[in-house]
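Structure first, commentary second.
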Amino acid sequence: MARSDSRSPAPGRTPPRRGEARAALMEAALELVASESNFSALSLRRIARHAGVVPTAFYRHFQDMDALGMALVEDTFTELRRMLGAANLPAMPIEGLTRYSVELFALHVRDHRLLFQFLIKERYAGSAGMRAAIQGHISALIDELAGDLAQFDEFRHIDLDDLRMIAELVVNAIIAVSERILDVAPDAAEDEALMRRAEKQLRLIFLGVGRWDSRATRQADDNRL
């Protein structure tokens, strides 16, 4: 019986050229996660075979599977921060910002579908270290968004602690909608309904922001003590 070649890539995949093995391993892991329960269900050998490299080549790029998982987490948030930085949201007028933000994020999620499928699965089902890394990045995004919101004149009356809570609501809403985005075709009627709902959620959040008075609320809390 002929023995299968462990270097044979998955059907339809071209073996990586010199210098591309690391990217091929990461892409192979993402593709397998999309069809498996989660990252922890994968083996190093299966990822290497899917990428078309020998298993020993894995260790030239990653110390172990945890290191590969962490690299995928870093890639996900690096791409997201690059998109947000290019958008320069604080420079935009507040009117229309919610719709623009939802559409921009939906486009980004679809363009990086495998990364976000990985993130959504591993946020709760991943190893303790991976879950902590994802939550750390999400917390950093919340801090950055709070800083961005502080630059709008409409939110000058709200202190940074309260802005961070508002930013957390926004980020959690966006993460929730990303799960739905991956299940809906971009040109489907359901997609437009999803975009409208996400926009409405953000508008409701910001409507409450406009009426929030950090100083009065904090004083009322102090009086109850």
DSSP loop (so not H, G, I, E, B), at most 16 other Cβ within 10 Å: list which GluC sites (Glu not before Pro) in the range 31-74 pass both filters.
Glu36
Placing +1 at every Lys and Arg Cβ and -1 at every Asp and Glu Cβ, with all other atoms neutral, what dipole size does the chain have around its Cα centre, in debye to the nearest 20?
960 debye
Helix 97-111 versus the longest principal axis of the chain: what angle, 0 to 90°, nearest 10, using Cα atoms?
10 degrees
In degrees from 0 to 90, rounded to the nearest 10, what is the angle of the helix 113-125 Cα long axis to the longest principal axis of the chain?
80 degrees
Diffusion coefficient, µm² s⁻¹, Stokes-Einstein with Kirkwood Rh over alpha-carbon pairs of the chain at 10 °C and 1.306 mPa s:
80 µm²/s
Before I look further, what does the range 53-126 give for accessible area per residue, probe 1.4 Å, in whole square angstrom?
49 Å²
Ignoring everything except DSSP H segments at least 4 long, calculate the 222 nm mean residue ellipticity for the chain; use -39,500 (n - 2.57) per segment, divide by total residues, nearest 500.
-23000 deg cm²/dmol
With the Cα gyration tensor of the range 139-195 giving a ≥ b ≥ c as the square roots of its eigenvalues, does the rule (a/c under 1.5 for rounded; else a/b larger than b/c for prolate; else oblate) give rounded, prolate or oblate?
prolate
Of Phe39, Leu25, Ala86, which is farthest on the positive side of the dipole of the chain, counting Cα position, with +1 on Lys and Arg Cβ, -1 on Asp and Glu Cβ, and the Cα centre as origin?
Leu25
Report in % the part of the accessible area of the range 79-127 that belongs to carbon and sulfur, leaving out ligands and nucleic acids; probe 1.4 Å.
61 percent
Beyond 26 Å, the calculated P(r) of the range 88-220 holds a percent of Cα-Cα pairs equal to 28 percent
Among the Cα-Cα pairs of the range 20-105, the proportion with separation greater than 17 Å, in percent, is 55 percent
Could you order peptides 175-186, 99-110 by the average number of other Cβ atoms within 10 Å of their residues, highest first?
99-110, 175-186
Over the Cα atoms of the range 118-164, each weighted equally, I'd like the Debye log10 I(q)/I(0) at q = 0.22, 0.29, 0.32 Å⁻¹, rounded to two decimals.
-0.70, -0.94, -1.06
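The values are calculated or read from the model by the stated rules, or taken from the named source; none is laboratory data. A quick note: this is a predicted structure, and the numbers were derived from the prediction, not measured. All Cβ positions, glycine included, derive from the backbone under ideal geometry; neighbour counts span all protein chains shown. The area values use the complete protein model at the heavy-atom level, side chains included, leaving out ligands, DNA and RNA. Shrake-Rupley method; radii C 1.70, N 1.55, O 1.52, S 1.80 Å.
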